[in-house]
1. Given segment B:5-119, what percent of its DSSP beta bridges are antiparallel, to the nearest 5?
2. Stokes-Einstein at 37 °C, 0.692 mPa s, Kirkwood radius from Cα pairs: D for segment B:9-70 in µm² s⁻¹?
3. So, in nm, how far is label A:Q80 from label B:R115 when the simple model puts each one 7 Å beyond its Cα toward the Cβ?
4. Can you list the HN-Hα couplings for segment B:92-101, worked out from phi with the Karplus curve (6.51, -1.76, 1.60; θ = phi - 60°), rounded to whole Hz and with x for Gly and Pro?
5. Show me the trypsin sites (Lys or Arg not before Pro) within segment A:1-60 that DSSP assigns to loop and that have at most 14 other Cβ atoms within 10 Å of their Cβ.
6. In Å², rounded to the nearest 100, what is the total accessible surface buried by chains B and A against each other with a 1.4 Å probe?
7. Under a crude label model (7 Å from the Cα following the beta-carbon direction), how far is B:M1 from A:E107 in nanometres?
8. Inside 10 Å of the C-beta atoms of B:21-34, what's the mean count of C-beta atoms belonging to other chains?
Amino acid sequence: MRSDADVVIARQRGREIASLLGFSASDLALIATAISELARNIVLYAGSGEIEIGHVEQMERRGIEIVARDQGPGIRNIPQAMRDGFSTSGGLGLGLPGVKRLMDEFEIQSRPGRGTTVTVRRWTR
Amino acid sequence: MDVPVLKQGPFLIATIQAALNDADLNKLRRSLVEQVGRHRSRGVIVDVTSLDVLDSFAARTLRDIAHMTGFRGAETVIVGIHPDLAFAMVQLGLTLEGVATALDLEEGLAYLNERTRRLGATRPLPSTRAVAGRPIMAPAPRPGWPLAIARPPLVIPREEPRERRRAKPAPEGADPETRRDLP
């Protein structure tokens, strides 16, 4: 992830992979939207980073896992970043809580000055 | 990737063809705001039928387009938001508050036609045009001419409505209602 063009590539790849995993058209839109938001956060806040998309299996269910990782400034106050309406970039301020609602599972790890890793999963229905 | 913008009478129609990145969206916004002035458009339709994702940045840009063209006197309507995108937008918490939306291009055109009907089809061109019954601006008096002898505005005589003209020579007692249908 380096530029806004990469944001489009990431969400297109995510849609392709999710499609292969058997997600419905409606789920594909949710997953692609979540990737778009996570990827934009990387470009916007960290400048660069990576998005890893893979499939996960757990107790007879299948899903997609997206890991968004950067070595950017990190998030000092995670509970604050997870509140609707909070933003430090003058953007819409609903990136992370919105992504959490789009997916089934959401984990965030961040250390100020070291970077941020967001992991999200969604299971096929 | 450039978004093709079609001029359709007093309206501009921008059809988003595929996945647009943020820079493309910014370019579209600038282009539409500028073209509204160039074509003196009354309305703008942004067709997002083919858009793969409508995320926070795209939603914000669409809102910007609607508000910016609004400042320039043109109304914007967003058409063709796919049901899956509508679902994802609600989950994400996005709104298009203050922005007109319509189901598809046809509904969007109907909406704009309705909204702009009172204003007339197009705006008058900047150059003077002869409009029956309305004075044409008199030319500015030449230097040295006293203002008092400046020419009065030229008025083109207004054409009388056809019915009334035809009704005039009608013999007394004739029913003008039936005469109106004559060729």
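The values are calculated or read from the model by the stated rules, or taken from the named source; none is laboratory data. Since this is a predicted model, take the numbers as computed values, not measurements. Here the Cβ positions follow ideal geometry from the backbone for every residue, glycine too, while neighbour counts run over all protein chains shown. All accessible areas refer to the heavy atoms of the entire protein, side chains included, with ligands and DNA or RNA removed. Shrake-Rupley method; radii C 1.70, N 1.55, O 1.52, S 1.80 Å.
1. 25 percent
2. Calculated translational D: 278 µm²/s.
3. 3.9 nm
4. Residue by residue, segment B:92-101 yields 6, x, 7, 10, 10, 4, x, 10, 6, 10 Hz.
5. A:R2
6. Counting both chains, the buried surface is close to 1900 Å².
7. Those two pseudo-labels are separated by 3.5 nm.
8. That works out to 2 on average.
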